[in-house]
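A.B. asks: Submitted below is the structure of interest, expressed as structure tokens.
The values are calculated or read from the model by the stated rules, or taken from the named source; none is laboratory data. A quick note: this is a predicted structure, and the numbers were derived from the prediction, not measured. As a convention, Cβ positions derive from the backbone with ideal geometry for all residues, glycine included, and neighbour counts pool all protein chains shown.
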């Protein structure tokens with residue numbers, strides 16, 4: 001009687017562009033386990049737990065409403081200010097959460113990476129998916145308030161381009177993942193970049209039409225705002241819900257190309273860093 005010998009051969013990556021999709025799929029159970037871990041661990045040992053997913057965008061939108069609309073007198077183009085800010089924050093929070101968490105993937109998972117083998121890309125992918133769940137919760141909350149304002153008679157015209165929402169989510173996830181993977185290589189050597197990143201993301205938000213409509217930016221400065229690939233994403237996100245402007249397809253295409261390039265660079269740097277990051281972490 002012959003017995004079939006099963007074995008798994010683990011070899012180091014020889015190519016920086018080596019992405020074994022089949023292997024990642026083989027470890028899909030581990031991916032879902034990491035997704036659960038990331039989602040549960042966020043508010044573990046807190047009193048309100050996942051309710052913070054709802055409280056955070058509500059409080060942030062209220063603060064923005066008071067500071068930028070009541071005191072700052074920043075226009076929202078006739079859109080209810082609270083709803084305007086919540087729309088911008090819903091999209092922005094997903095991008096920034098993916099970027100921040102992914103940028104710390106090597107340092108935060110050094111203990112696991114140093115002991116067990118699995119495709120390392122599973123970890124940043126799990127971050128994107130777990131944050132997608134949070135995004136879904138906050139999007140649902142936004143739609144609840146959207147329905148309330150609509151029922152009160154506010155002129156809210158959801159555009160047919162709502163069908164492009166999955167595409168916008170894909171862009172936000174890809175940009176957050178691409179930037180995060182690139183920065184993750186630097187945080188293994190320079191830990192203080194983590195603090196700098198948190199500050200930089202706040203500044204980048206103000207360079208993105210989250211708290212102001214793009215139409216209020218003077219024409220001579222609008223080009224520089226649109227160099228930020230998230231600007232067209234956030235502006236389109238608002239447009240499909242409020243139908244208050246035309247979609248700039250050229251800017252969206254620019255964001256798509258930028259995302260693909262950034263994701264490619266991020267994966268290459270990630271593959272290079274994972275070879276010897278244990279020596280520096």
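A.B. asks: Can you pull out the residues in segment 112-144 that are assigned to a helix (DSSP H, G or I), surrounded by fewer than 16 Cβ atoms within 10 Å (Cβ to Cβ) and modelled with pLDDT under 80?
C.D. replies: Across segment 112-144, the qualifying residue is only 112.
A.B. asks: Of everything in segment 145-160, what is surrounded by fewer than 17 Cβ atoms within 10 Å (Cβ to Cβ) and part of a loop (DSSP other than H, G, I, E, B)? Give them in sequence order.
C.D. replies: Of everything in segment 145-160, those that are surrounded by fewer than 17 Cβ atoms within 10 Å (Cβ to Cβ) and part of a loop (DSSP other than H, G, I, E, B) turn out to be 152, 153, 154, 155, 157, 158, 159.
A.B. asks: Give segment 264-281 a look and list any residue that's part of a helix (DSSP H, G or I) and modelled with pLDDT under 80, or say none.
C.D. replies: Matches in segment 264-281: 273, 277, 278, 279.
A.B. asks: Of these, 247, 234, 211, which one is farther than 18 Å from residue 92 by Cβ and in contact (Cβ under 8 Å) with a residue 60 or more places away in the chain?
C.D. replies: Among 247, 234, 211, only 247 is farther than 18 Å from residue 92 by Cβ and in contact (Cβ under 8 Å) with a residue 60 or more places away in the chain.
A.B. asks: Then there is this: Which pairs turn up if I take residues in segment 187-202 that are on the phi > 0 side of the Ramachandran plot and surrounded by 13 or more Cβ atoms within 10 Å (Cβ to Cβ) and look for partners that are modelled with pLDDT under 75 and in a helix (DSSP H, G or I) with beta carbon separation below 7 Å, at least 6 apart in sequence or on another chain?
C.D. replies: If the second residue must be modelled with pLDDT under 75 and in a helix (DSSP H, G or I), no pairs are left.
A.B. asks: Which fully enclosed helices (runs of 4 or more DSSP H) of segment 1-98 have 2 or more residues being at pLDDT below 85 and surrounded by 17 or more Cβ atoms within 10 Å (Cβ to Cβ)?
C.D. replies: Qualifying helices (runs of 4 or more DSSP H): 28-42.
A.B. asks: Being in contact (Cβ under 8 Å) with a residue 12 or more places away in the chain and more than 14 Å from residue 179 (Cα to Cα) is the filter here; which residues of segment 93-120 pass it?
C.D. replies: Passing the criteria: 93, 106, 107, 109, 110, 113, 114, 117, 118, 119, 120.
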